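Asker: Encoded as structure tokens, here's the structure I'll be asking about.
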Amino acid sequence: MKRRVLLVDDHQMFREALRALLERNPMLEVVAETGNGAEALQLAQSTRPDIVCMDIGLSATNGASNNAPMNGVETTRRMIAAQPSIKVIALSTFTEQRYVLDMIEAGATAYVTKAEASEELLRAIDAVQRDRSYFCPDVATLITSALAKPDRRNSMPPRLGAREQQVLQQVAQGSTSAQIALQMNIAAATVEVHRRNIMRKLDLHSVAELTRYVISEGLDRQ
């Protein structure tokens, strides 16, 4: 069954390039596109997409009915509130902490920079279809750096074991248990045990919560 995709970006040429990229995949169908936040909310209701590719930097005057600014973050927040099953992939020219964190808190489950929005976008779509988070290499590197800082590790309450630290780093980058097991040369079942222990110790309940925690507590120390 084809996955339905809604494109939201206020640069028409970029939208056209994304549409051409996605339509080459027989398992994807672009059901609508817009450069307007308010219209994106309406299209999400009428077309019922599975996935939305959302530009963070929508124009501030993008047609909200109350004339209030509605950028990609606010549009995402309202869209997820209305349709929680939608998977939002953030598209941005920025990799700074505040942009990544704002979109995760709004409900996005993937983040891809526009400079990498080709194969990386397809990887992100594949990940969110499987209910996983995805972050392009630039963002994943920031997350990894935050996790690797000695002061970050020492301040984590309660402190995780060395293996748990390694698993946490891989999970935050969107790796599957099978990929982590291969990388660390351990059984996938062992990875699952580490994941459960990490979530319990940090009182987190999803990969999205884990990633938000890593970014909010770690990237600001760079």
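Asker: Take the residues in the stretch 1-16 that are touching a residue at least 12 places away in the same chain (Cβ under 8 Å) and of a type in the set (Asp, Glu); name whichever of them is surrounded by the most Cβ atoms within 10 Å (Cβ to Cβ).
Answerer: My answer is Asp9.
Asker: Among Leu28, Leu101, Leu22, which is the only one that is within 16 Å of the chain's Cα centre (by Cα) and among the hydrophobic types (A, V, I, L, M, F, W, C)?
Answerer: Only one candidate passes the filter, namely Leu101.
Asker: Can I ask one more? What is the one condition in (1) out of contact with any strand residue (DSSP E or B) (no Cβ under 6 Å at 6 or more places or on another chain); (2) within 20 Å of Val88 (Cβ to Cβ); (3) at pLDDT 85 or above that Cys136 does not satisfy?
Answerer: Result: Cys136 passes all but (1).
Asker: Can you work out which of the residues in the stretch 110-130 that are modelled with pLDDT of 90 or more and polar (S, T, N, Q) is surrounded by the most Cβ atoms within 10 Å (Cβ to Cβ)?
Answerer: Thr113
Asker: From the list Leu160, Leu142, Leu168, which one is farther than 30 Å from Leu28 by Cβ, part of a helix (DSSP H, G or I) and modelled with pLDDT under 80?
Answerer: Criteria check complete, one pass: Leu168.
Asker: Does Thr95 count as more than 18 Å from Val128 (Cα to Cα), at pLDDT below 90 and β-branched (Val, Ile, Thr)?
Answerer: So Thr95 passes the test.
Asker: Among the listed residues Ala44, Ala38, Ala20, identify the single one that is of a type in the set (A, V, I, L, M), farther than 18 Å from Glu120 by Cβ, assigned by TED's automatic domain parsing to the domain that holds Ile125 and surrounded by fewer than 19 Cβ atoms within 10 Å (Cβ to Cβ).
Answerer: The conditions single out Ala38.
Asker: Another question, then. Of all residues in the stretch 87-109, which are surrounded by fewer than 22 Cβ atoms within 10 Å (Cβ to Cβ) and in a loop (DSSP other than H, G, I, E, B)?
Answerer: Passing the criteria: Thr93, Phe94, Thr95, Glu96, Gly107.
The values are calculated or read from the model by the stated rules, or taken from the named source; none is laboratory data. Please read these numbers as outputs of a predicted model, since none were measured by experiment. Cβ sites come from the backbone with ideal geometry, for glycine too, and all protein chains shown count toward neighbours.
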